[in-house]
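The values are calculated or read from the model by the stated rules, or taken from the named source; none is laboratory data. Just so it is clear, the structure is predicted and the values come from calculations on it, not from any experiment. Here the Cβ positions follow ideal geometry from the backbone for every residue, glycine too, while neighbour counts run over all protein chains shown.
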Number of protein chains: 2
Amino acid sequence: MSQRPSIKDIARIAGVSPSTVSRALADSPRISLATRERIQRIARELDYSPSLAARALVTGASPIIGVVAPSLADPYIAAVMKGLEEASHQHGYQRLVASSQGDPEQELAMVQMLSGHNAAGLIVLSSRAPEGYAPLLARLSMPVIFVNSLHVGERVYNVMTDNEYGGWLATHHLIDQGHVRIGYLGGPARGRSHAARAAGYRRALEEAGLPFDPACLMPGDGSIEAGREALREWLHQPDDKRPTAIFCYNDLSALGLLAEAYQQGVAIPDDLSIVGFDNIPMTAISIPPLTTVEQRTEELGRQAVASLLAALAGKPVTDIILRGELIARASVKRMEDHD
Amino acid sequence: MSQRPSIKDIARIAGVSPSTVSRALADSPRISLATRERIQRIARELDYSPSLAARALVTGASPIIGVVAPSLADPYIAAVMKGLEEASHQHGYQRLVASSQGDPEQELAMVQMLSGHNAAGLIVLSSRAPEGYAPLLARLSMPVIFVNSLHVGERVYNVMTDNEYGGWLATHHLIDQGHVRIGYLGGPARGRSHAARAAGYRRALEEAGLPFDPACLMPGDGSIEAGREALREWLHQPDDKRPTAIFCYNDLSALGLLAEAYQQGVAIPDDLSIVGFDNIPMTAISIPPLTTVEQRTEELGRQAVASLLAALAGKPVTDIILRGELIARASVKRMEDHD
DNA sequence: TTGAAAGCGCTAACAC
DNA sequence: GTGTTAGCGCTTTCAA
């Protein structure tokens, strides 16, 4: 028997019908203990493993959570994934992870394929296809949880970081430390999280009665290179125009900025203070260790699973907004008052 | 029609049989252009997307590459994944990624489930269940590519980094720079790659006629914390016993070591030289930038896909061993000769 | 407690 | 070119 053994093979050997085997394997109560154990033993001997495709076809569902992420090579995604893994595994769900490489079209295609496999539900991380979902969502019969992008609809729920608050927190901390001229190094231009962090930044400025100067906004995309570029940019500015502190969209670009500063002989935090966002592992071991706004990434993943399971169970689900704390380390200098 | 439309629905609307629809959607040549287009238009209007579960069941295969990884939160895995994504997507394959969280038992379960979905083939990254595969592999009807762990069997192929060479390269470089007392900070004890890198380390020592001192071997597990611990350990050693250089199993632990050194006031490379392994992005921006042995991770991913596709196509496949180069940066000091 | 029968959505012979 | 038929491996009524 070179083929995979099927339920029929077991039935033949055990001298029972396929349906009995199915029940035995499913631990159905409507079966005698003796036959159940006999069948399970035979299954084990045959190294039987069920065809999930067949099972999904007949039941119209499979114990799979589809996960769509723009990339798997991003430490922020990786951290969310970790929470996802733990939580879903605990509840007996497998994950089917598809990465779209940041391509909105591919992202939508992935959703289609996940739905084609009868996934029980979907978790979409940092969607890059904000518009594309509108028509899709209605057709999708399964619940969808969006992590860090906001969507509305039936069976659609959100789990996200309070980015506006985070941006406020970072900026407020800088102001608190005596900084007056504060820059913001941005993230992906069309991203919601970028916009929200920028909004928090502006609110903190306003609340402190500090002027907002558009020249303090530097474009970026969240990459290491964007951070390096920002530092070079900063060096070109005239002394009196230069921010004394920069709040960066994320840790990756903050780390890039740190590295370039070191190379160019700019002392952090003495010449320039930096705050990041995310609190990725590397921030604890950078030089200097980076002050950053924590993003509770693993919790984001766990909550996404929790929301999905609740939706699946028909329980009421509300959107979840997580706030992270400021992790003060050594990349921010306290300014002396000199008024 | 609240349910997902099926091929039958399309057939009814178009006034043809389901098989005609199937052919039209599959772009079969045995169909008239007119009906094909009409059917495809109807499918589009209905927002039809096929049940992949059904398709997998009947064809006994699906255009899916199963990927098993110990974790998705590891930058080395992330890099391999990137190569995997690119290459598989180019060839029209989806990936079904399952992470085992380093648990051998779970790893094997993931393989079973992937096979239950009729994946076309499997790619297993850095297996933690070296023994467990023996019985499984024979039953598996699909080709399996192991990345960075060595397995033999029918339809089983390997793609890996030449770890022995890499270990040799790192150590040789240190010797070349005049170091005589060189330590090795190890990785996961049972891992093959750790053993191979250690072997390369010893060979380089031998070839240079340098004595091997077991006291220079420090235990580790590849984590940041292991690196910190190693540095503290190093500080406790008497001056004349201390290595002047340490080759670290991977960049992560090397980076941890760097961070701890900075905190403890140990100057790198002046007091101690460090070489890492992997060349993860962070090594370029650490302080000092880390000298390391490149692991061609993305290439590993691409090659794994290439091997799998070749096996699927019935072409001959040979194991692939990739050598990375030494990336000399600033964490190694050239020792003065004083004989 | 068990078996027979039907069918999930799709593809693949085989007819016509 | 197109329809008919059968069946992938499993679960699930319905009967017995």
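Residues in the stretch B:77-93 that are of a type outside the set (A, V, I, L, M) and buried (at least 23 other Cβ atoms within 10 Å of the Cβ): B:Glu85, B:Ser88. Applying the criterion of at least 1 residues that are within 15 Å of DNA strand D (Cβ to nearest atom) and within 12 Å of another protein chain (Cβ to nearest Cβ) to the helices (runs of 4 or more DSSP H) found wholly in the stretch A:25-102 leaves A:33-46, A:52-59.
The number of residues in the stretch A:180-193 that are modelled with pLDDT of 95 or more and surrounded by fewer than 22 Cβ atoms within 10 Å (Cβ to Cβ) comes to 2. Pick from the stretch A:22-58 the residues that are at pLDDT below 90 and near DNA strand C (Cβ under 10 Å from one of its atoms): which of them is nearest to B:Thr59 (Cα to Cα)? Checked the stretch A:22-58; the qualifying residue nearest to B:Thr59 (Cα to Cα) is A:Ser28.
Considering B:Arg296, B:Arg302, which residue is touching a Leu at 6+ places or on another chain (Cβ under 6 Å) and among the charged types (D, E, K, R)?
Values: B:Arg302 fails: touching a Leu at 6+ places or on another chain (Cβ under 6 Å).
The unique qualifying residue is B:Arg296.
Inspect all residues belonging to the stretch A:135-158 and state whether any of them is surrounded by fewer than 22 Cβ atoms within 10 Å (Cβ to Cβ), on the phi > 0 side of the Ramachandran plot and touching a helix residue (DSSP H, G or I) at 6+ places or on another chain (Cβ under 7 Å). Looking through the stretch A:135-158, at least one residue is surrounded by fewer than 22 Cβ atoms within 10 Å (Cβ to Cβ), on the phi > 0 side of the Ramachandran plot and touching a helix residue (DSSP H, G or I) at 6+ places or on another chain (Cβ under 7 Å).
Can you name every residue in the stretch B:4-20 that is under 47 Å from the mean Cα position of the chain (by Cα) and either near DNA strand D (Cβ under 8 Å from one of its atoms) or farther than 11 Å from B:Leu46 by Cβ (or both)? Give the derivation first.
To start, the set of residues in the stretch B:4-20 that are under 47 Å from the mean Cα position of the chain (by Cα) comprises B:4-11, B:17-20.
If the condition is that a residue be under 47 Å from the mean Cα position of the chain (by Cα) and either near DNA strand D (Cβ under 8 Å from one of its atoms) or farther than 11 Å from B:Leu46 by Cβ (or both), then B:Lys8, B:Ala11, B:Ser17, B:Pro18, B:Ser19, B:Thr20 are the ones that fit.
Contact annotation: residue pairs with Cβ atoms under 6 Å, 6 or more positions apart or on different chains, pairing a residue in the stretch A:103-121 that is free of Cβ contacts under 8 Å to residues at least 12 places away in the same chain with a partner that is buried (at least 24 other Cβ atoms within 10 Å of the Cβ), are A:Gln106/A:Ser100; A:Gly116/B:Leu52. Pairing residues of the stretch B:43-65 that are touching a residue at least 60 places away in the same chain (Cβ under 8 Å) with residues that are assigned to a loop (DSSP other than H, G, I, E, B) and within 15 Å of DNA strand D (Cβ to nearest atom), at Cβ distances under 8 Å and at least 6 apart in sequence or on separate chains, gives B:Ala56/B:His117; B:Ala56/B:Asn118; B:Leu57/A:Ser51; B:Leu57/B:Asn118.
Please find, among B:Asp27, B:Asp47, the residue that is of a type outside the set (A, V, I, L, M), touching a Lys or Arg at 6+ places or on another chain (Cβ under 9 Å) and within 30 Å of B:Ile145 (Cβ to Cβ). Checking each option against the conditions leaves just B:Asp27. Only one of the numbered conditions (1) surrounded by fewer than 18 Cβ atoms within 10 Å (Cβ to Cβ); (2) under 19 Å from the mean Cα position of the chain (by Cα) is not met by A:Thr292, and that is (1). In contact (Cβ under 8 Å) with a residue 12 or more places away in the chain and under 23 Å from A:Leu309 (Cα atoms), is that true of A:Tyr184? It is false that A:Tyr184 is in contact (Cβ under 8 Å) with a residue 12 or more places away in the chain and under 23 Å from A:Leu309 (Cα atoms). When each of B:Ala26, B:Ala11, B:Ala54, B:Ala43 is tested for being surrounded by fewer than 17 Cβ atoms within 10 Å (Cβ to Cβ) and over 30 Å from A:Met282 (Cα atoms), the lone residue that passes is B:Ala26. Every listed requirement among (1) more than 9 Å from every other protein chain (Cβ to nearest Cβ); (2) touching a residue at least 24 places away in the same chain (Cβ under 8 Å); (3) more than 27 Å from B:Pro75 (Cβ to Cβ); (4) assigned to a loop (DSSP other than H, G, I, E, B) is met by A:Ser127 save one, (3). For the stretch A:98-147, which positions are more than 18 Å from B:Ser51 (Cα to Cα) and of a type in the set (A, V, I, L, M)? Listed by number, the residues that qualify are A:Ile123, A:Val124, A:Leu125, A:Ala129, A:Ala134, A:Val144, A:Ile145, A:Val147.
For the stretch B:267-289, taking the residues that are more than 10 Å from chain A (Cβ to nearest Cβ) and small (Gly, Ala, Ser), the one that is surrounded by the fewest Cβ atoms within 10 Å (Cβ to Cβ) is identified as B:Ala267.
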